[in-house]
Amino acid sequence: MLNFWYFIRKSLNVKLISKEVWVYLALDAPIKFRVLKLRNVSGRSRRLSAMGYLEWLMGDQRSKSSMHVFTEVDPNSEALFAHNLYNTEFSARVAFFKLDVPATSKATSPG
């Protein structure tokens with residue numbers, strides 16, 4: 001069973017969009033996840049979007065390992081997986097990025 005520590009950051013911007021970011025950190029596993037909640041409190045119709053950006057560090061130095069990080073999208077879960085098979089210390093590790101709603105686009109690029 002995973003035990004989590006978490007914190008919440010709340011803000012309200014001048015355009016009356018309420019934002020909450022919940023960050024969960026597992027105490028007994030190398031897992032961190034975030035929950036983003038956006039709420040339109042302006043009373044007007046709005047179209048909101050969110051973007052995620054990742055820099056995978058799957059090695060001891062980003063400059064040496066980033067060119068070896070391989071990413072793929074799993075067609076069933078739509079999760080983005082990253083591997084670094086080149087680095088022997090990290091070759092068995094997998095990192096992932098997953099949304100709970102279908103993504104409208106995905107893009108990856110080599111280091």
Revision key, fill the gap. Lys pairs in the chain with Cα under 12 Å (8 or more apart in sequence, or on separate chains) total 5
Review point. When TYR86, TYR53 are ordered from fewest to most other Cβ atoms inside 10 Å of their Cβ, what list results?
Key: TYR53, TYR86
Revision key, fill the gap. With T = 10 °C, eta = 1.306 mPa s and Kirkwood Rh from C-alpha pairs, the Stokes-Einstein D of the chain in µm²/s is about 96
Review point. Can you sort ASP100, ASP28 by how many other beta carbons sit within 10 Å, fewest first?
Key: ASP100, ASP28
Exercise for review: Please work out the FRET efficiency for the pair ASP28 and SER49, using the Cβ-Cβ distance as r and a Förster radius of 25 Å; give the result to the nearest 0.05.
Suggested key: 0.10
Study note, to complete from the structure: Calculated from DSSP helices alone, with each H run of at least 4 adding -39500 (n - 2.57) and the total divided by the residues of the chain, [θ]222 nm to the nearest 500 comes to -500 deg cm²/dmol
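Taken together, the values in this text are just the output of simple stated rules run on the coordinates, not laboratory data. Predicted model, so just to flag it, every value in this text is computed and none were measured. Neighbour counts are summed over all protein chains in view; Cβ atoms, including those assigned to glycine, are modelled from backbone coordinates with ideal geometry.
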